[in-house]
Amino acid sequence: MQKKVSFHTLGCKLNFSETSTIAREFTAKGFSRVNFGEDADVVVLNTCTVTGTADKKCRQAIKKAKKTSPNAFIAVTGCYAQAEADKIAEIPGVDVVLGMNEKFNLFQHIENFKKKEHAVVYSCETSDIENFDAAFSSGDRTRSFLKVQDGCDYPCTYCTIPSVRGKSRSGTVAEIIRQANEIAEKGFKEIILTGVNIGDFGKGTDETFFDLVKALDKINGIERYRISSIEPNLITDEIIEFTVKSNKFLPHFHIPLQSGSDKILKLMKRRYNTELFRSKIERINELISDVFLGIDVIVGFPGETDVDFMNTYQFLESLNISFLHVFSYSVRPGTPAEMMSGKVSAKEIKRRSNLLHQLSDRKHKVFYERFIGTEHKVLFEGAKHQNSMFGFTENYIKVEFPYNENLVNKIVDFQITGINEKGHAEGLIK
């Protein structure tokens, strides 16, 4: 009888690319994949630890796996597994905990997937993290997340990523190109480049992220690329200018700011100030008039006063940006920020977060409305939501359209005629 496996991924796009790669090995070895929450013989959880909420969700997922698949072999990997291996190993039902260096080696350690009396822990020391394991997602046949870099050398005071993912490292341009060609052969039209700090690509190989961008642009079969997240100090003019000229690299940037207060940026040990950030945003807008700019910001960092927050709010309000990803500061054990004074109350963090979400909603609405009456190329996805399907323009406007199977994984000319009550663009296929 064919064994069943389910997967559950928490956290970033990088985790999704890695889960998908692990899943392909199970499929190749004869397993049938089922949805998480269904009865399975093996459950693999790829975890996150970027916030306290992420940690809690990981523990809840383990308990859900035990409840829905009481006899399943449960394997836990990912950032939370790297950070808290011993704690996870003590949770009833867990059979194996795999550190970052071992997350793709499950079959090397486990032969029969029989339940264990005590969980086994493999390679969860930070010093063990040295490999770059290529990965890409393949669950959605429209877009694929391609891992191009891992780890981080930035000692931001609030972040545990360097300790759970190790030092910055990447494959060579040639290795990433081989992965991208494999994605193209599977019929994907769009690739999202992902990593922890992708602008740092090429450390130790005498290559640069720009070298990778130029090489990817030449691949046949892939029609669109998005850069998932890149540090403002690593967005070079040559990358911005190449995006203008390229028919494949889309007018869409996701850039972390974290704070609009130079005082707080120094406390965070970020590698730029607001002046540099503004200059990058203005340069991008100057060269790419229709660009979508998503910005990360953290509220409630220790020492953030009302004045610091208002500096952040006013700074963001003054920028020509499209959307805010707002994160509430969460204490991470072992980070320098844990010991900093000036803690902000949960109530005040919530208030500040709400204000920034409202600002984001206004900017997002204004961005969408700018393009009513304009034509774009939309790549439609396969999922059916009641009688609708969704797609995205080059500049990341989400389009809703009556479901049509013939449009799945197709790039079509589309005229935006309005914005519906759900905030999605509507229109006509030209």
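Closer than 16 Å to residue 96 by Cβ and either buried (at least 23 other Cβ atoms within 10 Å of the Cβ) or free of Cβ contacts under 8 Å to residues at least 24 places away in the same chain (or both): is that true of residue 49 in this structure?
Working: closer than 16 Å to residue 96 by Cβ: no; either buried (at least 23 other Cβ atoms within 10 Å of the Cβ) or free of Cβ contacts under 8 Å to residues at least 24 places away in the same chain (or both): yes.
For residue 49, the condition - closer than 16 Å to residue 96 by Cβ and either buried (at least 23 other Cβ atoms within 10 Å of the Cβ) or free of Cβ contacts under 8 Å to residues at least 24 places away in the same chain (or both) - is not met.
Rundown of residues vs (1) hydrophobic (A, V, I, L, M, F, W, C); (2) without any contact (Cβ under 8 Å) to a residue 12 or more places away in the chain; (3) within 14 Å of residue 7 (Cα to Cα), yes/no style:
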{"position": "29", "(1), (2), (3)": "no, no, no"}
{"position": "73", "(1), (2), (3)": "yes, no, yes"}
{"position": "77", "(1), (2), (3)": "no, no, yes"}
{"position": "80", "(1), (2), (3)": "no, no, no"}
{"position": "91", "(1), (2), (3)": "yes, no, no"}
{"position": "97", "(1), (2), (3)": "yes, no, no"}
{"position": "104", "(1), (2), (3)": "yes, no, yes"}
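Anything in segment 190-230 that is within 14 Å of residue 171 (Cα to Cα), hydroxyl-bearing (Ser, Thr, Tyr), without any contact (Cβ under 8 Å) to a residue 40 or more places away in the chain and surrounded by 16 or more Cβ atoms within 10 Å (Cβ to Cβ)? List them, or say none.
Selection gives 208 alone.
Which residues, taken from segment 342-398, are of a type in the set (Gly, Ala, Ser) and at positive phi?
So in segment 342-398, the residues of a type in the set (Gly, Ala, Ser) come out as 342, 345-346, 353, 360, 373, 382-383, 388, 391.
Across segment 342-398, the qualifying residues are 342, 373.
Among the acidic types (Asp, Glu), outside any helix (DSSP H, G or I) and out of contact with any helix residue (DSSP H, G or I) (no Cβ under 6 Å at 6 or more places or on another chain): does that describe residue 361?
Working: among the acidic types (Asp, Glu): yes; outside any helix (DSSP H, G or I): no; out of contact with any helix residue (DSSP H, G or I) (no Cβ under 6 Å at 6 or more places or on another chain): yes.
It is false that residue 361 is among the acidic types (Asp, Glu), outside any helix (DSSP H, G or I) and out of contact with any helix residue (DSSP H, G or I) (no Cβ under 6 Å at 6 or more places or on another chain).
Among (1) buried (at least 21 other Cβ atoms within 10 Å of the Cβ); (2) modelled with pLDDT of 85 or more, which single condition is residue 181 missing?
All conditions pass for residue 181, except number (1).
When you scan segment 299-323, how many residues do you find that are surrounded by fewer than 20 Cβ atoms within 10 Å (Cβ to Cβ), closer than 30 Å to residue 164 by Cα and either assigned by TED's automatic domain parsing to the domain that holds residue 395 or among the hydrophobic types (A, V, I, L, M, F, W, C) (or both)?
Looking only at that region, the number is 1.
The values are calculated or read from the model by the stated rules, or taken from the named source; none is laboratory data. All values derive from a computational prediction rather than experimental measurement. Every residue, glycine as well, gets a Cβ built from its backbone with ideal geometry; the counts of neighbours run over all protein chains shown.
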